[in-house]
Amino acid sequence: MSVAIRRTLKLCLLLSLWLPLTALAQNALSAYTQQQTQFLPVDEAYQLTLVADGDQRLMLQWVIAPEYYLYRHAFKTQASDSEGSITANLVVPDGLSKTDEFFGDVEVYYDALEAMVTLERTTELSQIKVTYQGCADAGLCYPPETKSFLWHMASGEIQAGSLAPTSSALDSGDDTSSSAGIGLLAAIAFAFLGGIILNIMPCVFPILSLKALSFTHGSADQHRRASLVYAAGVIVSFMALASVLVAIQQTGQLIGWGFQLQNTGFVIGLAYLFTVMGLSLNGLIHFGTSMMNVGQSLTEQDGDAGNFFTGVLAVVVASPCTAPFMGTALGYALTQPIMVTLIVFAALGAGMALPMVILSHSSAAVRALPKPGLWMDTAKNVLAFPLYLTSVWLLWVAGNQAGVNTMALALSGLVLLALAAYLYGDTSLRKGLSIILVVGVVFLAIPSDNKPVSDASSRTLSDGQIEWSTSVLDDYIKRGDPIFVDVTADWCITCLANEAAVLFTPEMEQAFVDADIPYMIADWTDYDADIGRFVQSHGRSGIPLYVMYPRGIGSTPVILPQLLTRDIVLSAIENAR
């Protein structure tokens, strides 16, 4: 090793030691400074109470801690009901004149303050938002604080809360607005982008890789036709899925994207499908490869059937994944009339099919693919193993849903399925034996109802993590205490990726503990109506869903992106404090 390289390594080592020490020194100085001057939390420094004073008037009463004060210029009020905004006239008495180090010459209030709000019209239930800002004589100036209250005018009852959950978002470039506020064109655009991104998700990519192999042989016209039939299969499947979703929701069930994976029988069936596909790719069983359109010349009818089925299969395997932009678009679509819902889902399918269509219509892209040869057999054999791993994961999901006994029966069914495929042949005896075995597989795939109590939850909670509870969440919101809600499921690949890469790392778990923010896990692996209502209330139809409730009564919850990074979550924690 040269002297220059050794010196560079030493310099990097010194920097790696110096930077953490500098950060520790800064943290220690900050902690020391805070210890010298103990400032009150904003809710203790300024205690706000609302009292009804007639049909359309409210009295705003603040109790202000000693040596703290409020600014007159910072007061704002907003009122609204289900029909829209209500004009609110705020009257604040004169304050004390003060030359302030932050805002110069101002009027302020010490000890206590009463202000009056008069609404322009009456309504059954109104939401009142009050904004104020104050400082301490010792030199701390708080940021503007906004509280939200619900006023039931007939009874005069006032309590903290909002008419409907709203969401702000972090500057992430992802789903940055609630679906309730977007229009049809925006929903179509978001769905189209989400569909494109679905192609690189781990549950979809192996299938599309097999489809791309079919473009290594045949004419350009065949490639274009194949891609268009594949696109038709994708779009029709998405629209069919939308129709089923809407039909089930009409029965009162609160379901969303990936709902079919809450059914253990469907999960087991999908595991069987992936296994059979893998065995076929490895050449261990032979159904004819027309289903995947790989490695042989097909008749026109068989080719179209294979391409269409590949599109259907791509949609089926995409259900465990939620791509960026999808959540907002689908949340909007499922609250609209059926025609709008179908249009948005069709846009999702068009986006997913677009890369394959572009590949088939690009002569340069097709020429870039390797020529047919022995490598195709190797590629098919290699691509079989991600399918096997997917089957293992799906059977794990089934075990978490219905218990280890159900998983063992499903594995036994998998063995019988492989035997049935092996025995299937030209003779009537072999075909008959295969059919009998397949019937046995169907019975083994039906999940048992006697799920052991010990298997009730597959998740082990770490320090600071708590299980989903509507009442516990409501208590935190009413008190204005911060809390983070993670809606996840064992069948949600995006959820598992975020947990492994960001959320369940030691650094992030410690960050939640240090900030004293509980981490609530809402496990939607099995159907849960309460979790479904929570997801729907935030304008979403699928998961993952990450909601941060900041400190402060009536504070606005923040919806984090569906694909997380370390910086996004740490920023949300810091802002929530």
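Each value in this text was obtained by applying a stated rule to the coordinates, not by laboratory testing. The structure presented is a predicted model; accordingly, all values stated were derived computationally and were not measured. Neighbour counts run over all protein chains shown; Cβ positions are idealised from the backbone, glycine included.
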**Item:** Range of Cα positions in segment 475-577 per principal axis (Å), largest first
**Value:** 31, 29, 18
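Segment 42-163: Rg/Rh from Cα coordinates, Kirkwood Rh?
On the way: Rg = 14.9 Å, Rh = 15.0 Å.
For segment 42-163, the value is 1.00.
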**Asked** Given labels modelled 7 Å from the Cα in the Cβ direction, how far is it in nm from Val472 to Ala112?
**Response** 4.0
**Item:** Val392-Glu157 FRET efficiency (beta carbon distance; Förster radius 56 Å; 0.05 resolution)
**Value:** 0.55
**Asked** So for Lys98, Lys76, fewest C-beta neighbours within 10 Å to most, what's the order?
**Response** Lys76, Lys98
**Prompt:** Can you put Ile235, Ile573 in order, fewest other beta carbons within 10 Å first?
**Reply:** Ile573, Ile235
**Message:** So if each residue of separation counts as 0.36 nm, and I subtract the Cα-Cα distance between Ser363 and Phe443, what length gain in nm does that give?
**Reply:** 23.9 nm
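What ranking do Thr460, Thr488, Thr341 get, fewest neighbouring Cβ atoms within 10 angstrom at the top?
Details: Thr460 6, Thr488 25, Thr341 22.
Sorted ascending by nearby Cβ count, the order is Thr460, Thr341, Thr488.
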**For segment 425-435, 3J(HN,Hα) per residue [Karplus equation, 6.51 cos²θ - 1.76 cosθ + 1.60, θ = phi - 60°, Hz, x = Gly/Pro]** = x, 7, 7, 5, 4, 5, 5, x, 4, 5, 5
